[in-house]
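First up is the structure itself, then whatever we jot down about it.
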Amino acid sequence: MIQNNVGLNKVWKWVIGIFLFLIILFGSAALYLSAKWKPLLSEKIKASVYDGSHHLYKIDFKDIHLNLLTSSATLDSVTLIPDTAVFDALKKIKLAPAYLMQLNLDQLQFSGVGILTTYFKKKLDMKAVILNKPSITLIHHNVEKRPDTIVGQKTLYEQISKTLKSIRVRKINIIAADFTYINGDNGKKQHAIKHLNVSVDDFLLDSLSQTDTSRIYYTKDISFELIDYKSLSKDKMYTFKADTITGSVKGKKLHVNGFYMLPKYADLAFTRKYKTQKDRYDLKFKKMNFSGIDLVKLNQEGSLHAQSLTLGPAKVAVFLSREMPPPPIDKGKNYPHLALQRLPLQLHIDTVKINNIHVAYTEYNPITQKRGTVDLENLNGTILNVTNDSLQLTKNNHAIANLSARIIKAAQINIHLNLNLTSKNGAFSYSGKIGPMNMTALNPVSKSLGLVKIEQGKVQKADFNIKGNLQGSRGTVRFYYTNLKVALLKEGEDGEATKKKGFLSFLANTIVIKHNNPSKGEDVRVAEVNFKRTHAASFFNLLWKSVFMGIRETIGIGVVPIKGPEKAYDKVSEKKQERQEKRQERKEERIKEKKKKADKKTTKA
């Protein structure tokens, strides 16, 4: 038994000894080949990049590490720099590319490289390429192209076919990249992105891959992830943030989780940074999801085409102060369909889906020093054919929106909106219905817009059908209600509450106000709306005030004027002038009193 164990031990010693010898042999060979191949491979890489780019690019690196046992290689401190003199020369003969790239990274790693296959079969095959924390700068130039170069350009495979039959990389990972986009014509930085991860699945370049329709840019898929994106608006008044942005070229998906447009200052402080009235936006979207998005077309042509965009849940807050003068421009140019026409990006989205968005519009009245808010809760619906694509517009030039929401926490509202996307006059139409509610819920709007407080009343329903454009709107409003009683108000000043006009309110309820619609024994009254828009009125201001005018006409207070933005500011200016005059009067009174006291002292003396 002991002899058998001794024999086995001798066998194991031989096996281990042979194994160690082989490791030393292969290790020594690997070190020898690495040492011999390193300078040759370094020069080959540099020459290939230089010659392959027609002398436009130079690659450099501090060191190269080869490991034949693991079939891996690593390049340290890699830089890829364009030669601007060569670019300028190519530009003169109209052969320059539109984009130049600069690259800096600590390490470029290759693993699973089939060295023998590459050497004997001229097929470069590797498992993975990893770019760790690269800094990538893309510089765009507006360059002219010679017409004859477009036809004669060689394909990517034709450019490498003399050296290699194929190149295949199973996985390419770009980790935590910093990406900068620069306008080469003026040198200004236009975009900067940090912490970008990109994953390329199965890159293959051979004689057939360029015609393989299952591949995109010679790959099975390209996916990306951007974490903690942040940037400032051009005027530095907003911060744009996104928690994560992910996408897939093959899957045609783009997901944004946690998108925010955050104003730099609180509401009044923000608006006081401007010389005229300026809307302040505060946007918080939990999700924004594109599906069926053509990321290839977005990259190549700069046009955004998608089957659908889903927005929400989200919160949208809009604030406007009336203490500043109205802007000198016509706010009608920002009608959504007119703004879409001016958009520099070609856009075509088949369906925009709105999912549970809360919209709060707030106005500040500097006379009363109070805020009034109109809420639209649980806004849902769809918008079809959102586009400025000229080809698509020849097929269908109307965007159709069907929306529903809870208005002022009191009633359900449904709206059908039709926007003429090619109209220069901003033509559109809208119709809808409002469900039952207690009319006192309208006070936040009626008090601020019309100085009317609703003391009681019940709404059964309302419907409206209105056409509009830049000049104004025309249409009909049917408003069904019972037991209406109102109070006419006078604005309080310097934070004081509004005051009731007692006698006028009595006259209004006794003579003017129609307490029911339809009144007993009569047909329902239909209000004919004819609303003239001012330059300071926005698209949504026109939508709401047109319906509000119809409601006022129906209940009998159409004679009480609605304050437009200009009139509201005029009143603010008048109040300011009155205050200044009163202050001046008080100042003069104090001077007179001091003079009287001084005269008395002189007389006594």
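What are the residues whose amide H is under 5 Å from the amide H of Ala96, where those residues sit 5 or more places off or on another chain and H is modelled from the backbone?
Distant-sequence amide H within range of Ala96: Lys91.
Which whole-number value in Å² is the accessible area per residue of the stretch 127-248, probe 1.4 Å?
Values: 7350 Å² over 122 residues.
Heavy-atom SASA per residue in the stretch 127-248 reads 60 Å².
Using each residue's phi in the stretch 312-320, evaluate 6.51 cos²θ - 1.76 cosθ + 1.60 at θ = phi - 60° and report the 3J(HN,Hα) Karplus result to the nearest Hz, with x for Gly and Pro.
These are the phi-based 3J(HN,Hα) values: x, x, 7, 10, 10, 10, 10, 10, 9 Hz.
Quickly rank 473-483, 387-397 as a protection proxy: mean count of other C-beta atoms within 10 Å, highest first.
Working: 473-483: 18.4, 387-397: 14.1.
Ranking, from highest mean packing down: 473-483, 387-397.
Taking the alpha-carbon centroid of each part, what is the distance from the stretch 398-423 to the stretch 85-110 in angstrom?
Comparing the Cα centres of the stretch 398-423 and the stretch 85-110, I get a distance of 50 Å.
Roll a 1.4 angstrom probe over the protein heavy atoms and tell me the percent of accessible area of the stretch 139-297 that is carbon or sulfur. Write down the numbers at each step before the final one.
Numbers: 5150 of 9460 Å².
Carbon and sulfur: 54 percent of the exposed surface of the stretch 139-297.
Using alpha carbons only, what's the Rg to Rh ratio of the stretch 45-185 with Rh from Kirkwood? Before the final figure, lay out each step's value.
Values: Rg = 16.9 Å, Rh = 16.9 Å.
So for the stretch 45-185, dividing Rg by the Kirkwood Rh gives 1.00.
Report, in whole Å, the centroid distance computed from the Cα atoms of the stretch 340-370 and the stretch 203-229.
So the two Cα centres are separated by 37 Å.
Where does each of 49-58, 537-546 land if you order them by average Cβ count within 10 Å, highest first?
Numbers: 49-58: 14.9, 537-546: 19.1.
For the peptides 49-58, 537-546, the packing ranking is 537-546, 49-58.
Going through the cross-link list Lys331/Lys532; Lys370/Lys433; Lys123/Lys220; Lys315/Lys532, which pairs have a Cα-Cα distance over 22 Å in this structure?
On the way: Lys331/Lys532 14 Å; Lys370/Lys433 30 Å; Lys123/Lys220 19 Å; Lys315/Lys532 31 Å.
Violating the 22 Å Cα-Cα cut-off are Lys370/Lys433; Lys315/Lys532.
Mind listing the Cα extents of the stretch 269-378 along all three principal axes, in Å, largest one first?
For the stretch 269-378, the Cα spread along each principal axis is 54, 32, 21 Å.
The values are calculated or read from the model by the stated rules, or taken from the named source; none is laboratory data. Being a predicted model, the structure only gives us computed values, none of them experimental. Here Cβ is always computed from backbone atoms with ideal geometry, including for glycine, and neighbour counts include all displayed protein chains. Surface accessibility is based on the protein's heavy atoms, side chains included, excluding ligands, DNA and RNA. Shrake-Rupley method; radii C 1.70, N 1.55, O 1.52, S 1.80 Å.
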